[in-house]
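J.: Before anything else, here's the structure in question.
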Amino acid sequence: MNTAVSPRDYLLLLSVGLIWSSSFLFIKLAISTVPPYTLTAARIAVAVVILAGYLTFKRQGLPTDIKNWTIFAVLGLFGTALPFTLISWGEVYIDSGLTAVLMGTMPVATAMLAHLFIADERFNFGTGLGIMIGFGGLIILIGADALHSLDTGVIAQFAIIIGAVSYAVSTTFARRFARLPGPVMSTGSTLAGLIWVLPMAIVLEQPWTLRPDGMAVISVLILGIVATALASLIFYYLIHRVGATTFSQVNYIIPVFGAAWGILFLHEVPDWRMPTALVLVLSGIFIVSRSAKNKARDIET
């Protein structure tokens, strides 16, 4: 792992936060006419086409051995098929703001998993402090209003939490086992995700009978091209540079950008919580990254 987190890395982390926060909006726009399994399969299929084209452009190909396809299968299940479906289903019943709060469970799960399974990402004081500061930003941003609604849609909320933990499993697994070039990992794992979810969509939802509206079609394309294909390429670029725990802090950025989407598209009036939360979120990411860098320096000396 490259312990020196560069300004470019921070910019890419912010970009992923922007992309993934917008995905909740586009899921909401699509889910009214495209059910969860079909929505997941459609966005992944679009991403596979884009990634396959990019892989061809890079003159790279997918491996054919069982070991790498086993890795693809795990990443496809826990990094795309399962969380995409659970989040899409959950957003049928709960709003996107609460979804963003629940997604904040991912960094905690990632830090714990990284501590158990990745030798150079043992949990320490700095990691814990960064996580707590970032979570404090989440609480300030969302406030008591979202917490009061936790007694409704309990099953949907559990689905979102399981989706967040699934992302944590995928992030930690990729950090340990993903060794192929980023475009190859992105294409292989996304294709595996499509193989996981497509049969469910066909059997349970008969997508050929659906009549999605124009906004749903546009949303699926954006989800596939930007939130899946592009985000996947950035993910596999960053995961070995900054580590699983530092990368997972991007989930603290999601509610901040989610508030920005609300201002832009829902005409919400911002208050003091948004800039305060943003400062805490970025401080949490910096502390976790600095902690990892200092720990590596101590090991070297």
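Derivation of every value follows stated rules applied to the coordinates shown; laboratory data play no part. Model, not experiment: these values are computed from the prediction. We place every Cβ from the backbone using ideal geometry, glycine too, and count neighbours over all the protein chains shown.
J.: Could you compute the FRET efficiency for Val203 and Lys28, with r as their C-beta to C-beta distance and R0 at 25 Å, rounded to 0.05? Before the final figure, lay out the partial values.
T.: Values: r = 25 Å, r/R0 = 1.01.
So, using R0 = 25 Å, E works out to roughly 0.50.
J.: Still on this structure, please answer the following. Search the structure for amide H atoms under 5 Å from the amide H of Ala178, placed 1.01 Å from N in the peptide plane, and list their residues when 5 or more places away or on another chain.
T.: Correct list: empty.
J.: Using a 10 Å cut-off around each Cβ, can you sort Ile234, Ile225, Ile253 from fewest to most neighbouring Cβ atoms?
T.: Fewest-to-most ranking of Ile234, Ile225, Ile253: Ile225, Ile234, Ile253.
J.: How much net charge surrounds Tyr236 when only other residues with a Cβ under 14 Å from its Cβ are counted (Lys, Arg +1; Asp, Glu -1)?
T.: Spelling it out: positives minus negatives among the neighbours equals +4.
J.: Starting from the amide H of Tyr93, placed 1.01 Å from N in the peptide plane, find each other amide H under 5 Å away whose residue is 5 or more places distant or on another chain.
T.: none
J.: Taking segment 1-64, which trypsin sites (Lys or Arg not before Pro) meet the DSSP loop condition and have no more than 10 other C-beta atoms within 10 Å? Don't skip to the answer; put the middle values down first.
T.: Values: sites: Arg8, Lys28, Arg43, Lys58, Arg59; in loops: Lys58, Arg59.
Counting only loop positions with at most 10 other Cβ atoms within 10 Å, the trypsin sites (Lys or Arg not before Pro) in segment 1-64 are Arg59.
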